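Before anything else, here's the structure in question.
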Amino acid sequence: MIDWLLFAVLSFFALGGAARVVTSENLVHVVLYLAVTLIATAGVYAQMDAGFLAAIQILLYTGGVITLMLFAVLLARRNGGSVPAEGHTSPLRSLLVAGLVAGLSGYTILRGGAPNRAPEALSTAELGRVLLDPLALPFEALSVLLLAAMIGAIVLARRKDA
Amino acid sequence: MPLAALTILLPLASFAILAVFWPIRHTGRPAAWLSTLTAVASFVIALLVLRDVAPMGAPPELWTMPWLVHGGRVIAEVGFRVDAVSASMLVVVTCVAACVQVYSLGYMSHEPKPALGRYYAWHSLFIVAMAGLVLAPNLLQLVAGWELVGLCSYLLIGFYWAKPSAGKAAVKAVWVTRFADIGLMCGLVLLYVETGGFAWEGFSWANPGASELVAALLFLGVMGKSAQVPLHVWLPDAMEGPTPVSALLHAATMVAAGVFLVVRCWPLFEGAETLLVAMSWIGAITALVAAITASVQTDIKKVLAYSTCSQLGYMVAGLGSGEMLGGYFHLTTHAFFKALLFLGAGSVIHAVHSNEMGEMGGLRKKIPLTAALFAIGTFALAGFPGLSGFFSKDLLLEEVAHGGQWGPLAILLFVAGLTPFYMMRVYCLVFLGEPSEKSNHAHESPLVMLAPMALLAIPAAVLGFGAGSFGELLGHEYHFAVTPVGAAATVAGLLGLGLGYAKFGMGQLASLELPGLAAFVRSGPIDNAWRLCWERGLLPVARNVGWFDRYVVDGLVNFSGWITLEAGDRIRRLQTGSAHDYLYAAALGAVLIAVAGVVGGVLA
Amino acid sequence: MTGPGLDAYLFLAAAMFAIGLFGVLSRRNLLAVIVSVELMANAANINLVAFSRFGVHPWGQALALFALALTVAEVVVGLALVILVSRTHGSLLAGSLRDLKE
């Protein structure tokens, strides 16, 4: 029962944050609400015994990405003060499509007949072994990708006159 | 892997380096040296291989790896097969190739550096292709090599690509040989269908009639490659390439590949009696027609080209006798003395800067070494007693007589007299008589050109004495003996030499004309016949096909183009350029796919 | 009842995904679009971890880790693009960008 309670609280923060992310009119708020959602998601991970992922989520995602985004928001700001998100285009149409997707997903989940039992979770040690043995090549490829992204970002964002 | 593999791998390395690393290729002379060194190394290795090879009949040294594996079944193999036939041919090929590459260091020295590198890259590729052909363990690899040497031939004929005639000659060579290769391909497919493999021995025919058909189809390809009448028309034009190329590809080795194919696949040809008779006749007629044509040419390289045709006809006629030793031995000796003659001609051309024999004359005093070496080649080709050509021709004619084919034999004997005649004509017009204006400025070629010629002159002179051991290697008993046929050929040869000297001995330009026939032969009757076939036969068909193509096929194409344009006009409105619209489209697409999945799941 | 099962987590993820999609589709501001994309990616990650936890395949967590890193890379490049656009166009309005046309 306590699990359900915890889940409900986490879901509330995750979905509530998400809702504010897509509706808030202040860009700084948008990013901060995203942080709320991400931290709540980390809690969800922890509840699923994925402690390592939860830690990564907070450290790297919430810590790194949110900071980065805040920087971007402030850099893109024209004339000081708050940064407006400039509203929505055709919100009804978007709501319709998103609702369609949600409905379809829900239908699929209900029909899925997924296993409801909870076997042993993957331990962090095992996760490390998986990453470095059978998945070593993708792991290394990923580091190359990150490097490429970093260089790409530098090239893109560098001022031509600087 | 057998030692012989190195004869492929070394030039392959050279070719790869020159092909990939263009800065090395563009250095010119270093690139040339690289290629030449690998060619010489290949020659040495080939000699070692020949020394250790077992005589015919012993099991061949085989090294293969599977290729074209389909569903666990090996359809074909690639690799090396070292036996008496391939080892001896390998020596011929690498020897001539090495000599020609060394010679080219001098002959091509005035070429721009990138062109020189390109030239040598293709020469390396040629050795790879030719050795791959010679060492092939099955017909499929042989045909692969066959196509590759054809490619090298195309590239090297068109080496002076800025010259339109060179480009045309290269294309003509490809078209004619390709036309003949249709037969070869059909033969290959039929062989596979009938026997389930590409081997030329070691199986039994389920359908005995097919055996001869396969051999006949393969022989069609041979006719193209080895320039048999009427498919010989490409070979004289191929002289547009540099002279060393003519010596290597279009005299000694590549054109002999056709004859080699027959020798190699001898188990297929041996029993095909009707085909053998046809081969005798085709070979004899080729020998005759080409020899007559050679007698009236004024371009020294054209004479030698027609002479090559003629001698290839000799070989094919010899194989048609049902014995392969004579034809194969003649191939070997011919490779040496004809390469020598071509290199000699190259040396002459190098000296006087002209191909026309009318502009030469009296060169004996100006370039004595070339003259002497050319004389060895001339007399060897003429079948002068004691020189290599004498023995191989004798052996070949003996076999034809033994096969009882009197018609071809008579023609071949006549050609045995005609050959010395036209060669004497060349020798007299070029080296004897009064020097022409151009001859006066002639200089002897450098050592780098003379040395390979001298090396080729040795086998051209004395290889004939090796006929016995050559026969032994191929599992045939052969002892030289004076026979009526041999005597007749010798007399005809001497007669031809004498007649030629009597007629052209003074080297006068006036005596260039052979009365009567000359004008007709020089007009190229066979080329004209092909042209007529082309204009009357193929072009109307092509025109009709063209009409169909233009109005029906193009109509369809144009219609589809119009539809696309119209549709594009309509659909363009969808392209707003706004990122959001695209996102909607993507999301809706995903929804559609999901719906399809769900519906499919429900239905299932 | 022992606690939330696979279904519960999947519903949570689906809801978050739909919200993110709504943001991507409706937001005018490019930065807000990117943030919404993050929501969608996060939802996908929840799915991966949930499947891993409920025994569909133990590699789910590893996959989630990879997806996390990929998302970070995407954010980095995306933000760089946003800054570039804000510099060249003087605004971050996705609606004003019609350069994709011809």
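The values are calculated or read from the model by the stated rules, or taken from the named source; none is laboratory data. Just so it is clear, the model here is predicted, and its values are computed rather than measured. Counting neighbours? That spans all protein chains shown, and the Cβs are built from the backbone with ideal geometry, glycine included.
Does segment B:302-311 include one or more residues that are surrounded by fewer than 24 Cβ atoms within 10 Å (Cβ to Cβ) and over 24 Å from B:Gly464 (Cα atoms)? Working first, answer last.
Kept after step one, since they are surrounded by fewer than 24 Cβ atoms within 10 Å (Cβ to Cβ), are these residues of segment B:302-311: B:302.
Next, only the ones that are over 24 Å from B:Gly464 (Cα atoms) stay: B:302.
Yes - at least one qualifying residue is present in segment B:302-311.
Can you report the number of residues in segment C:33-52 which are facing another protein chain (nearest Cβ under 7 Å) and closer than 20 Å to A:Phe13 by Cβ?
Residues that pass the stated criteria total 8.
For segment B:179-203, which positions are surrounded by 16 or more Cβ atoms within 10 Å (Cβ to Cβ) and not aliphatic (A, V, I, L, M)?
B:Asp181, B:Gly183, B:Cys186, B:Gly187, B:Tyr192, B:Glu194, B:Thr195, B:Gly197, B:Phe198, B:Trp200
Conditions (1) among the charged types (D, E, K, R); (2) over 22 Å from the mean Cα position of the chain (by Cα); (3) modelled with pLDDT of 90 or more, marked per residue:
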{"position": "B:Phe203", "(1), (2), (3)": "no, yes, no"}
{"position": "B:Gly209", "(1), (2), (3)": "no, yes, no"}
{"position": "B:Ser226", "(1), (2), (3)": "no, no, yes"}
{"position": "B:Val245", "(1), (2), (3)": "no, no, yes"}
{"position": "B:Glu273", "(1), (2), (3)": "yes, yes, no"}
{"position": "B:Ala278", "(1), (2), (3)": "no, no, yes"}
{"position": "B:Trp281", "(1), (2), (3)": "no, no, yes"}
{"position": "B:Gln297", "(1), (2), (3)": "no, no, no"}
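I'd like the residue in segment B:557-585 that is of a type in the set (Gly, Ala, Ser) and either on the phi > 0 side of the Ramachandran plot or over 60 Å from the mean Cα position of the chain (by Cα) (or both) and, out of all such residues, is modelled with the highest pLDDT.
Going residue by residue through segment B:557-585, those that are of a type in the set (Gly, Ala, Ser) are B:560-561, B:567-568, B:577-579, B:585.
Applying the additional criterion that residues be either on the phi > 0 side of the Ramachandran plot or over 60 Å from the mean Cα position of the chain (by Cα) (or both) yields B:577-579, B:585.
Values: B:Gly577: 63, B:Ser578: 68, B:Ala579: 68, B:Ala585: 80.
Checking each candidate, the answer is B:Ala585.
Right, next: Given the options B:Pro2, B:Pro30, B:Pro23, B:Pro11, name the one that is surrounded by 24 or more Cβ atoms within 10 Å (Cβ to Cβ) and either aliphatic (A, V, I, L, M) or over 30 Å from B:Val193 (Cβ atoms) (or both). First the steps, then the outcome.
On the way: B:Pro2 fails: surrounded by 24 or more Cβ atoms within 10 Å (Cβ to Cβ); B:Pro30 fails: surrounded by 24 or more Cβ atoms within 10 Å (Cβ to Cβ); B:Pro23 fails: surrounded by 24 or more Cβ atoms within 10 Å (Cβ to Cβ).
So the residue among B:Pro2, B:Pro30, B:Pro23, B:Pro11 that is surrounded by 24 or more Cβ atoms within 10 Å (Cβ to Cβ) and either aliphatic (A, V, I, L, M) or over 30 Å from B:Val193 (Cβ atoms) (or both) is B:Pro11.
Among the helices (runs of 4 or more DSSP H) confined wholly to segment B:1-57, which include 2 or more residues that are farther than 14 Å from B:Leu125 by Cα and of a type outside the set (Val, Ile, Thr)?
On the way: elements: B:6-20, B:22-25, B:29-52.
So the answer is B:22-25, B:29-52.
For B:Gly361, state whether it is over 15 Å from B:Ser388 (Cβ atoms), in a loop (DSSP other than H, G, I, E, B), in contact (Cβ under 8 Å) with a residue 24 or more places away in the chain and small (Gly, Ala, Ser). Give the steps one after another, and end with the answer.
Numbers: over 15 Å from B:Ser388 (Cβ atoms): yes; in a loop (DSSP other than H, G, I, E, B): yes; in contact (Cβ under 8 Å) with a residue 24 or more places away in the chain: yes; small (Gly, Ala, Ser): yes.
Taking the combined requirement at face value, the residue satisfies it.
Then there's this: If the requirement is being within 16 Å of B:Leu261 (Cα to Cα) and not in a loop (DSSP other than H, G, I, E, B), which of these qualifies: B:Val78, B:Val149? Outline the logic, then answer.
On the way: B:Val78 fails: within 16 Å of B:Leu261 (Cα to Cα).
Testing whether each residue is within 16 Å of B:Leu261 (Cα to Cα) and not in a loop (DSSP other than H, G, I, E, B) leaves just B:Val149.
From the set of residues in segment A:94-128 that are exposed (fewer than 12 other Cβ atoms within 10 Å of the Cβ) and either of a type in the set (Lys, Arg) or under 21 Å from A:Gly51 (Cβ atoms) (or both), which is modelled with the highest pLDDT?
By that ranking, first place goes to A:Ala125.
Restricting the search to segment C:21-32, which residues are facing another protein chain (nearest Cβ under 7 Å) and not charged (D, E, K, R)? Working first, answer last.
Looking only at segment C:21-32, we keep the residues that are facing another protein chain (nearest Cβ under 7 Å), and these are C:21-29, C:31-32.
Scanning segment C:21-32 gives C:Leu21, C:Phe22, C:Gly23, C:Val24, C:Leu25, C:Ser26, C:Asn29, C:Leu31, C:Ala32.
For B:Val222, work out the one condition from (1) surrounded by fewer than 19 Cβ atoms within 10 Å (Cβ to Cβ); (2) out of contact with any Asp or Glu (no Cβ under 8 Å at 6 or more places or on another chain) it doesn't fulfil.
B:Val222 satisfies all of (1) surrounded by fewer than 19 Cβ atoms within 10 Å (Cβ to Cβ); (2) out of contact with any Asp or Glu (no Cβ under 8 Å at 6 or more places or on another chain) except (1).
So, one more: Suppose we keep only residues that are more than 10 Å from every other protein chain (Cβ to nearest Cβ) and at pLDDT below 85 within segment A:134-162. Which one would you say is nearest to C:Arg53 (Cα to Cα)?
A:Ala162
Let me ask something else about it. Can you confirm whether segment B:105-122 contains a residue that is of a type in the set (Ser, Thr, Tyr) and closer than 25 Å to B:Leu218 by Cβ? Steps first, please.
Restricting attention to segment B:105-122, the residues satisfying the condition of being of a type in the set (Ser, Thr, Tyr) are B:107, B:109, B:119-120.
Then drop every residue that is not closer than 25 Å to B:Leu218 by Cβ, which leaves none.
No, segment B:105-122 has no match at all.
Moving on to the next point. Which is exposed (fewer than 10 other Cβ atoms within 10 Å of the Cβ), more than 30 Å from B:Thr293 (Cβ to Cβ) and either more than 14 Å from chain C (Cβ to nearest Cβ) or not hydrophobic (A, V, I, L, M, F, W, C) (or both), of B:Val602, B:Val595, B:Val557? Don't jump to the end; show me each part of the working.
Values: B:Val595 fails: exposed (fewer than 10 other Cβ atoms within 10 Å of the Cβ); B:Val557 fails: exposed (fewer than 10 other Cβ atoms within 10 Å of the Cβ).
Of the residues listed, the single one that is exposed (fewer than 10 other Cβ atoms within 10 Å of the Cβ), more than 30 Å from B:Thr293 (Cβ to Cβ) and either more than 14 Å from chain C (Cβ to nearest Cβ) or not hydrophobic (A, V, I, L, M, F, W, C) (or both) is B:Val602.
Does segment B:495-507 contain at least one residue that is touching a Gly at 6+ places or on another chain (Cβ under 7 Å) and at pLDDT 80 or above? Please lay out each step first, then the result.
From segment B:495-507, those touching a Gly at 6+ places or on another chain (Cβ under 7 Å) are B:495-496, B:506-507; that's our starting set.
Narrowing the set further to residues that are at pLDDT 80 or above leaves B:495-496.
Yes, there is a match, as at least one residue in segment B:495-507 is touching a Gly at 6+ places or on another chain (Cβ under 7 Å) and at pLDDT 80 or above.
When you go through (1) within 21 Å of B:Gln297 (Cα to Cα); (2) part of a loop (DSSP other than H, G, I, E, B) one by one for B:Gly475, which number turns out not to apply?
(1)
Looking for whichever is at pLDDT below 90, in contact with a Phe, Trp or Tyr (Cβ under 8 Å, 6 or more places away or on another chain) and over 14 Å from A:Val44 (Cα atoms) here; the options are C:Val56, C:Val76, C:Val24, C:Val72. Which one fits?
Residue meeting the stated conditions: C:Val72.
C:Leu63 - would you say it is within 26 Å of B:Tyr582 (Cα to Cα) and either within 8 Å of chain A (Cβ to nearest Cβ) or touching a residue at least 12 places away in the same chain (Cβ under 8 Å) (or both)? Explain how you work it out, then say what you get.
Numbers: within 26 Å of B:Tyr582 (Cα to Cα): no; either within 8 Å of chain A (Cβ to nearest Cβ) or touching a residue at least 12 places away in the same chain (Cβ under 8 Å) (or both): yes.
The answer is no for C:Leu63.
Sticking with this structure for a sec: If I ask for residues that are of a type in the set (A, V, I, L, M, F, W, C) and outside any helix (DSSP H, G or I), which ones from segment C:30-65 would you list? Please lay out each step first, then the result.
Applying the first criterion (of a type in the set (A, V, I, L, M, F, W, C)) to segment C:30-65 yields C:30-35, C:37, C:39-41, C:43-44, C:46, C:48-51, C:54, C:56, C:59, C:62-65.
Once the filter is applied, which keeps residues that are of a type in the set (A, V, I, L, M, F, W, C) and outside any helix (DSSP H, G or I), segment C:30-65 yields C:Phe54, C:Val56, C:Trp59.
I've got another one for you. Could you please find all residues in segment A:29-53 being more than 7 Å from chain C (Cβ to nearest Cβ) and of a type in the set (A, V, I, L, M, F, W, C)?
Going through segment A:29-53, the residues more than 7 Å from chain C (Cβ to nearest Cβ) turn out to be A:29, A:32-33, A:35-36, A:39-40, A:42-43, A:46-47, A:51-52.
Once the filter is applied, which keeps residues that are more than 7 Å from chain C (Cβ to nearest Cβ) and of a type in the set (A, V, I, L, M, F, W, C), segment A:29-53 yields A:Leu32, A:Ala35, A:Val36, A:Ile39, A:Ala40, A:Ala42, A:Ala46, A:Phe52.
Shifting gears a bit: Could you say whether any residue in segment B:377-386 is touching a His at 6+ places or on another chain (Cβ under 7 Å), closer than 30 Å to B:Gly283 by Cα and not aliphatic (A, V, I, L, M)? Don't jump to the end; show me each part of the working.
Of all residues in segment B:377-386, those touching a His at 6+ places or on another chain (Cβ under 7 Å) come to none.
No.
On to the next question. Pull out all pairs, ordered by first then second residue, where Cβ-Cβ is under 7 Å, the residues are six or more apart or on different chains, the first lies in segment A:54-67 and is more than 10 Å from chain C (Cβ to nearest Cβ) and more than 19 Å from C:Ala32 (Cβ to Cβ), and the second is crowded, with 19+ Cβ neighbours inside 10 Å and among the small types (Gly, Ala, Ser).
Close Cβ pairs satisfying both conditions: A:Ile58/A:Ala42.
Among the residues in segment B:88-96, are any more than 30 Å from B:Thr27 (Cα to Cα), in contact with an Asp or Glu (Cβ under 8 Å, 6 or more places away or on another chain) and either surrounded by fewer than 20 Cβ atoms within 10 Å (Cβ to Cβ) or among the aliphatic types (A, V, I, L, M) (or both)?
No, every residue in segment B:88-96 fails to be more than 30 Å from B:Thr27 (Cα to Cα), in contact with an Asp or Glu (Cβ under 8 Å, 6 or more places away or on another chain) and either surrounded by fewer than 20 Cβ atoms within 10 Å (Cβ to Cβ) or among the aliphatic types (A, V, I, L, M) (or both).
Here's a follow-up. Given the options B:Ala84, B:Ala76, B:Ala121, name the one that is surrounded by 24 or more Cβ atoms within 10 Å (Cβ to Cβ) and touching a residue at least 40 places away in the same chain (Cβ under 8 Å).
Numbers: B:Ala84 fails: surrounded by 24 or more Cβ atoms within 10 Å (Cβ to Cβ); B:Ala76 fails: surrounded by 24 or more Cβ atoms within 10 Å (Cβ to Cβ).
Exactly one residue qualifies, and that residue is B:Ala121.
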